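Here is the structure we will look at.
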There are 2 protein chains.
Amino acid sequence: MISFRDNIVFLLAKAHQRAQGVLKAYLQAFGLTPMQCLFMEALWEEDGLSVGEIGRRIALDTATLAGVLDRMVTAEWVRRETDQVDGRVTRVYLTEKAREAFPGLASAIEVTNNELLNNFSLEEKLLFKRFLRDVKD
Amino acid sequence: MISFRDNIVFLLAKAHQRAQGVLKAYLQAFGLTPMQCLFMEALWEEDGLSVGEIGRRIALDTATLAGVLDRMVTAEWVRRETDQVDGRVTRVYLTEKAREAFPGLASAIEVTNNELLNNFSLEEKLLFKRFLRDVKD
DNA sequence: TATTATTACCTTGCATGCAAGATAATAGCG
DNA sequence: CGCTATTATCTTGCATGCAAGGTAATAATA
């Protein structure tokens with residue numbers, strides 16, 4: 001019997017828990033959650049994505065996405081617009097408020113990454129990220 | 001600006017998401033969630049732990065624990081008992097049903113770990129686990 | 001073109017996960 | 001002993017996260 005302390009699912013869950021906690025603390029000043037910030041990061045890469053495409057890029061199902069999107073529209077970080085060509089598609093656009101917050105958020109993300117990987121050398125960081133991508137597949 | 005694809009928080013979240021998904025699928029046959037299984041793993045290590053001690057060992061706050069415990073008592077995986085000496089303390093004990101499920105659950109956990117780390121050598125597995133423990137601290 | 005299949009999105013129900021506050025029991029201290 | 005501080009647990013409110021099912025719009029096909 002493997003101790004749960006050596007179970008990779010547990011180790012991933014708790015590392016993720018700590019990482020989420022650090023980022024969450026830094027984002028609190030902006031009134032944003034890590035998921036909401038991730039949502040906007042997808043749009044910084046390409047504004048006007050459809051809800052489905054955002055979900056594919058950040059690997060989140062549309063059920064969860066719907067709630068996140070609702071809250072972000074309410075908080076005026078983004079606006080939704082039905083596609084002119086395909087009436088099924090909802091496109092999402094960043095607001096001015098979101099664009100203004102960009103530098104601060106980018107900084108929060110960078111500081112978080114540095115803090116989380118403080119004990120890692122550059123090589124270790126790269127190896128660690130490769131490992132994370134290699135989990136299952 | 002770091003792409004979210006290189007953000008360690010995102011990488012951890014998604015690796016955890018995949019890991020959770022694999023374990024969840026294997027546990028479905030038992031009618032258990034990964035969290036409920038983890039909860040029982042803590043009790044296999046030491047039966048009769050208090051709610052608070054379980055939370056410390058699996059790094060979960062009591063707010064979340066309360067709900068998990070309720071569902072596990074209802075499903076008769078565990079029973080709760082107020083400590084005889086300290087009336088504030090609730091102790092949790094595994095039921096016969098839980099003990100019978102043990103071999104199957106241990107196997108599910110092992111299969112999950114092998115599947116998730118299929119591409120890893122033994123050295124890489126050890127290094128990866130060390131990295132996960134080294135995230136923040 | 002009429003019908004069927006597919007697609008995009010949404011809604012509901014259930015299970016975490018955390019912050020903040022409430023409650024009850026015990027411990028500590030004069 | 002009586003009062004205060006601490007501790008253990010529970011409750012509520014909000015935000016994910018997923019499974020399953022619903023709806024509307026478009027695509028595919030006869």
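One residue is enough: does region B:25-40 have a residue meeting the conditions assigned to a helix (DSSP H, G or I), among the small types (Gly, Ala, Ser) and in contact with a helix residue (DSSP H, G or I) (Cβ under 7 Å, 6 or more places away or on another chain)? So that I can check it myself, show each step before the final result.
Our first condition is that a residue be assigned to a helix (DSSP H, G or I); within region B:25-40, this holds for B:25-30, B:34-40.
If we keep only those that are among the small types (Gly, Ala, Ser) too, we end up with B:25, B:29.
Adding the requirement that they be in contact with a helix residue (DSSP H, G or I) (Cβ under 7 Å, 6 or more places away or on another chain) leaves none.
Within region B:25-40, none of the residues are assigned to a helix (DSSP H, G or I), among the small types (Gly, Ala, Ser) and in contact with a helix residue (DSSP H, G or I) (Cβ under 7 Å, 6 or more places away or on another chain).
Criterion first (within 14 Å of chain A (Cβ to nearest Cβ), more than 15 Å from DNA strand C (Cβ to nearest atom) and either closer than 19 Å to A:Phe4 by Cα or touching a residue at least 24 places away in the same chain (Cβ under 8 Å) (or both)) does B:Glu41 satisfy it? I'd like the intermediate steps shown before the answer.
Numbers: within 14 Å of chain A (Cβ to nearest Cβ): yes; more than 15 Å from DNA strand C (Cβ to nearest atom): no; either closer than 19 Å to A:Phe4 by Cα or touching a residue at least 24 places away in the same chain (Cβ under 8 Å) (or both): yes.
No; evaluated as a whole, the condition is false for this residue.
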Handout entry: Residues of region A:43-95 satisfying the condition of being farther than 28 Å from B:Ala15 by Cα and in a loop (DSSP other than H, G, I, E, B)
Key = A:Ala75, A:Glu76, A:Asp83, A:Gln84, A:Val85, A:Asp86, A:Gly87, A:Arg88, A:Val89, A:Thr95
Fill in the blank from the handout: Scanning region A:6-29 residue by residue, the ones that are surrounded by fewer than 21 Cβ atoms within 10 Å (Cβ to Cβ) and either under 18 Å from A:Leu132 (Cα atoms) or touching a strand residue (DSSP E or B) at 6+ places or on another chain (Cβ under 6 Å) (or both) total 5
Handout entry: region A:96-120 residues that are more than 7 Å from chain B (Cβ to nearest Cβ), paired with ones that are in a loop (DSSP other than H, G, I, E, B) and surrounded by 14 or more Cβ atoms within 10 Å (Cβ to Cβ) (beta carbon under 6 Å, 6 or more apart)
Key = A:Ala98/A:Trp77
Exercise for the section: Answer yes or no: is there a residue in region A:113-136 that is of a type in the set (S, T, N, Q) and within 16 Å of DNA strand D (Cβ to nearest atom). Expected result: no
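For B:Phe102, indicate whether it is surrounded by fewer than 18 Cβ atoms within 10 Å (Cβ to Cβ) and aromatic (Phe, Trp, Tyr). Give the derivation first.
Details: surrounded by fewer than 18 Cβ atoms within 10 Å (Cβ to Cβ): yes; aromatic (Phe, Trp, Tyr): yes.
So B:Phe102 passes the test.
Computed from the coordinates by the stated procedures, all read-outs in this text should not be read as laboratory data. Bear in mind the structure is a predicted one, so any value in this text is a computation, not a measurement. A quick note on method: Cβ atoms are made from the backbone with ideal geometry, for glycine too, and the neighbour counts reach across all protein chains shown.
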